Every structure is written in C-alpha cells, then in structure tokens.
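Below is one structure, written out as structure tokens; comments come after it.
Coordinate-derived values only; no laboratory data. Values in this document were obtained by computation on a predicted structure and should not be read as measured data. We place every Cβ from the backbone using ideal geometry, glycine too, and count neighbours over all the protein chains shown.
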Amino acid sequence: MAARVDRPDIFWELTRSLCPECKRVIDAQILFRENRVIMRKRCPSHGWFEALVFGDAKLYAAIAPFNKPGTLPLQFQTEVRDGCPHDCGLCPEHKQHACLGLIEINSACNLDCPLCFANSGTHLARDGFELDHGQVGFMLDSFVAAEGTPEVVQLSGGEPTLHPLLLDFVAMAQDRGIRHVMINSNGLRLAHDDRLLSRLADLKPTVYLQFDGFDPGTNLLLRGRQDLVETKLKTLDRLAEADVRAVLVAAIERGVNDHEIGAIVDFGLRHPAVFGVNFQPAFRAQRHLAMDPMNRMTIPDVLKSLELQTAGRFRMDDFVPVPCCMPTCNFVTYALLSGDEVTPITRLVDVEGHLDYLKNRTLATFDQEILATLERLWSSSAPVGSDVSAGDVHRAVNGAASRCPACHVGLPLSSHGSTDLARHVFMVNTRDFMDPWTFNVKNVMKCCVEFIIPDGRLIPFCAYNSVGYREQVTAQLNRVARTP
Ligand code: SF4
Ligand code: SF4
Ligand SMILES: [Zn+2]
C-alpha cells in the first residue's frame, strides 16, 4: 500500500494577486517552504506561477503584530465599485492614509536604464509629457485636501531635474505647508548644473539619489552605462558643498549588486551629504532585467547581506518593520554616529516592544511619548535626513533634557544646533515594492505611499505600477501633450 507523504510546504494563508501575464485578479496562496515565503497562484488562461515574496518564513510570521491601526484620510477620492485593486483611490475601503505622496512631473530621462519602473527614457524628451504649474498645483491641492498637512512629497519622473519648472514645484509644495520635499534623481545633471544647485541650496529639498553601487558592471547592468560612479560621486560632493542633504537609493538585484550593500552603507556613513540609505530589492514592474522570480532579493536577504558585509555594524535584529503599512513592506533602523562608532538605536531603546501592537500595552516600560516618537520615525512619512527626525531619534533614546550619547563629550541636547543633531543620525531602510509576480492585495490595501495623479486621485505605489494605472495615466498625458 502506498504511504501518504506530507506536502513540501506550510499553507499560511489565501490572498489575492494578479496574473503576471494578463493582470487579472486571481487567488493566491502564501506558502512557507524551506523557511522561504512563496506566493503560488493560477490564472485560468495563463496557468500556474510561483514567486518568492520574503526570504525568511520565521521572520514573516513573527512580524505580524507590527501593524498599527490605520488613520482615516480627510477625504477619499473614489467609491467602492469593482473591488480592490480596481477602485484606487483612495477608496473608502483603503486601510491607511497617505504618509507620502509622489508626483511624476515628467516622463523623459537622460538615462535609459534596463531597470526602470517608470518606463522612462531619453526618447520621451520628444514624445513624453511635462506637467505644468496648473497640473502640479491641483495635484498638491488634492493631496492637502486628503491629508490636511502632508509631511512629505517626492517629485519624481522621468528625471525631474530635466523639467524646467522643477524648482517652482518645490516652492509650490513648500508654500502649501509641506515641509519635506524630496527630489528623486539619478544625479547626472546635478554634477554640472551650477544654477540648479544654487537654487536647491536655497530651497533645501532632500535629494533621493539613485546609487546602486560602485562596480562598473553594476551600473552597466542596471543603468545601461558603466561610467556613472564618478559622476554620482561628484554630485554628492557638490551637494555637500551646497549643504543639500541626500539619501542614497539603491535597487538591489541578486547576482548583480547584492555584494555592494555593505559598501554602500559604509560609504554613506562617511560622506557629509548622505543622511541615509534606502535599499529597494529590484522588482519586475515595467522595465526590468530577466530574472527568476523564485530567486529575487527580498527584505531579509538585503538585511542578511548588510549584516555580513558590515561585519555586524548593522545586524538584522537592528531593523524593525514599519507598522503604518503592512509589516512585510518596509524595515527601518536609525543609528547614532560618533566618529567611527555606529550605534543603531534599537540597541538603546526597546523599539520592538513599543511597535508590537499586540504587546505594547502590557510592557512595563511602555511610554506613550516614546511610542509617539517612534511612530513618527517608523513611518513612511518620516522625513529622512531632517532635523525633525534627528530630534526624534535623540528624544527616543534619552528624553529631551539629557545628554547626547553621540557626542564624545556628552554635550546636553540643548547645546546642539538642530543641524548638529541631524549629523549624528543615519537611517537605513529597505522597502520591497511589489510587482505583478509578488502583488498581494492585502498589502496594497494598507499601502501608505501613493502616486498623486493629475485628476487628483491617490494610487498606492504598487497598484500604480502593477495593475494598469500607470499605463492609463501615461497614455492620457502623452495624448494631451501631443494635442496641438
Ligand atoms: S488599493 Fe486601496 S484604494 Fe485601491 S482599491 Fe484597494 S482599498 Fe481601494
Ligand atoms: S530608472 Fe530613473 S534614471 Fe533610469 S531611466 Fe528610469 S527614470 Fe531615468
Ligand atoms: Zn492570466
């Protein structure tokens, strides 16, 4: 008689996803297999698909409590009609407000990267779109109407520094009370455009700088050119001179630049313009490299590599999930810097205990004020590299009146200028955006990073890139741009 055997995986839950071929919404199983989390799904027309969604099943299960109740926005822009993810948005069933709004102000770029979720490129200088004052003003107003006082807006593209009105848009966001404006840039233009740099020095946005590593091969494979590093280093030096802050943003592709994770952080820690690093495992939305969806980088893979490559300077357990979105989306830590010493604040304060929403009320040391401070830091609206966040880090560690642990001489915090405080703090985060392979409706329903589109809707990042919204918006904008 044949013996029964066990299945090779643990069935964790059922959710909904997309068919990577036709994008229709289909059921998806979340399975734990050999301590990895796999999404398995079937499209009636295109068959079965499996993709790796998280490289550590134990961690995936353990972080479920890092999930804070969502906050209602002041306004929803759409109604529930066809069901998630086709009603964005935000529709009244969305579980979180928008912590961060993104506006793509143009579609053209001065690079043609093989990896580009915006599907941008040099050819769009001719055929693409550029938003005007009226459009961006309306989009910012829509964001303000939904959020009251939004914390952070990112101006992106394309390459936003190619847009002649970029600086006007920065000022327009600031005029509407949005304190933290970020510019998502590949940095090429900033390496030589003095006028642009001096205006940035006045307006003080943060530059979110594409920076994938130092190897010419990395830049060739991901960005289509191997000669980019020198230009980016020059840009960073110029930003430092102009006192404009930068966050390095690295797309990490397995087998391409996963060996550079530690070097990027080590470099960032030493460079005066750099206040943080953001690692984004490469995802397969729009233009991407041909890679095996079962062998992609995920958050635990990035963090394990970071621990190994920095010899434990940053450890995996220094990182705590951000609870404003689903905990599998985004992990963050902040470190205090003192000379060569790097101390993640998780080693000084019980961040996990406070941000574990099943446990925190029972903690003997639970403190509402520390919770509020940590919630500001562990949020997608945390203004990275800002004096505000640095103040929060110091408050969380010590309480406002005590001495700064990052100063050798232990200066009281009250003796620090806010800029000095910010220079003592460094953020590292890793956010795993979803693509049609890994798309999980459960995550997108609580997404807190939204594209603001010209009709005033707010579309969750991963829905925008995977469901078909990007294609609709781009087609419309390009059509309008071409209409005489
Ligand atoms: S992702 Fe959010 S806004 Fe979009 S349809 Fe789903 S619940 Fe609504
Ligand atoms: S990834 Fe960025 S730099 Fe590269 S083509 Fe796209 S928009 Fe341009
Ligand atoms: Zn299909």
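Considering the options Val384, Leu306, His123, tell which one lies farthest towards the positive end of the dipole of region 100-431, charges being +1 on Lys and Arg and -1 on Asp and Glu at the Cβ, about the Cα centre. It is Leu306. Here the chain is assigned +1 on the Cβ of each Lys and Arg and -1 on the Cβ of each Asp and Glu. Its dipole about the Cα centre then comes out at about 780 debye.
Taking the DSSP bridge list for the chain and keeping only pairs wholly inside it, about 55 percent are antiparallel. Binning at 20 Å from 0, report for the chain what percent of all alpha-carbon pair distances ends up in each bin. Computed distribution, short to long bins: 24, 60, 15, 1, 0. Mean sequence separation of contacting Cα pairs (under 8 Å, at least six apart), scaled by the length of the chain, corresponds to a relative contact order of 19 percent. Label-to-label distance, Ala201 versus Trp48, with points set 7 angstrom from Cα along the beta-carbon direction: 6.2 nm. Kindly list the residues of region 1-16 that lie in the label zone of Lys58, defined by a backbone N under 19 Å from the point 7 Å along the Cα-to-C-beta vector. What the label zone holds, given the 19 Å backbone N cut-off, is 9-12.
Mind putting a number on the dipole of region 72-188 about its Cα centre? Charges go on the C-beta only, +1 for Lys and Arg and -1 for Asp and Glu, and I need it in Debye to the nearest 20. Walk me through the numbers on the way to the answer.
Working: 5 positive and 15 negative charges, 43 e Å.
Result for region 72-188 is approximately 200 debye, rounded to the nearest 20.
With a Cα-only, solvent-free Debye model of region 1-62, what are the log10 I(q)/I(0) values at q = 0.15, 0.16 Å⁻¹? Values, matching the q order: -0.51, -0.56.
At R0 = 51 Å, how high is the FRET efficiency between Arg479 and His271 if r is their beta carbon distance? Nearest 0.05 is fine.
Numbers: r = 43 Å, r/R0 = 0.84.
For Arg479 and His271, the calculated efficiency is 0.75.
Projecting the Cα atoms of Ile10, Ala51, Ile26 onto the dipole axis of region 1-62, where Lys and Arg carry +1 and Asp and Glu carry -1 at the beta carbon, places Ile26 farthest toward the positive end. For region 39-190, DSSP calls about 40 percent of its internal beta bridges antiparallel. Computed from the Cβ-Cβ distance with R0 of 56 Å, the FRET efficiency linking Asp420 to Arg4 stands at 0.25.
Would you mind checking the pairs Lys204/Lys442; Lys204/Lys232; Lys95/Lys204; Lys68/Lys204 and listing those with alpha carbons more than 26 angstrom apart?
Numbers: Lys204/Lys442 36 Å; Lys204/Lys232 19 Å; Lys95/Lys204 32 Å; Lys68/Lys204 32 Å.
Distance filter (> 26 Å) returns Lys204/Lys442; Lys95/Lys204; Lys68/Lys204.
What net charge do the residues around Cys325 carry, taking every other residue with its C-beta under 12 Å from that of Cys325, with Lys and Arg at +1 and Asp and Glu at -1? Summing Lys and Arg as +1 and Asp and Glu as -1 gives +3. Across the options Gln226, Pro293, Leu102, the greatest Cα extent toward the positive end of the charge dipole of the chain (unit charges at beta carbon of Lys, Arg, Asp, Glu) belongs to Pro293.
Based on the mean of other beta carbon atoms within 10 Å per residue, what is the order of 441-450, 34-43, 278-287, most packed first?
Descending mean neighbour count gives 441-450, 278-287, 34-43.
Estimated at 0.36 nm per residue, the fully extended path between Cys22 and Asp455 surpasses their Cα-Cα distance by 153.3 nm. For the pair Leu72 and Leu348 in one chain, pulling the backbone fully straight at 0.36 nm per residue adds 96.1 nm over the alpha carbon distance.
Placing dummy labels 7 Å off each Cα toward the beta-carbon, the span from Asn398 to Phe138 is 5.0 nm. Can you give the FRET efficiency for Leu233 and His86, using 1/(1 + (r/R0)^6), R0 = 30 Å, r = Cβ-Cβ distance, to the nearest 0.05? It comes to 0.10.
Taking the Cα centre of region 1-62 as origin, work out the dipole magnitude from +1 charges on Lys and Arg Cβ and -1 charges on Asp and Glu Cβ, in debye rounded to 20. Let's see the in-between values first.
Values: 11 positive and 8 negative charges, 33 e Å.
Charge dipole, region 1-62, about its Cα centre: 160 debye, nearest 20.
Between Arg361 and Arg315, the simple spin-label model (points 7 angstrom out along Cα→Cβ) gives 3.1 nm. What does the charge count near Ile370 come to, summing +1 for each Lys or Arg and -1 for each Asp or Glu among other residues with Cβ under 15 Å from its Cβ? Residues near Ile370 contribute -2 overall. Between the C-alpha center of region 68-109 and that of region 191-246 there is a gap of 31 Å.
Below 11 angstrom from the Cβ of Ser381, what's the summed charge of the other residues (Lys, Arg +1; Asp, Glu -1)?
For residues surrounding Ser381, the net value is -1.
Averaged over residues, the count of other Cβ atoms within 10 Å places the peptides 6-17, 102-113 in the sequence 102-113, 6-17, highest first. I'd like the distance separating the alpha-carbon centroids of region 249-270 and region 291-308, in whole Å. Distance between centres, Cα-based: 12 Å.
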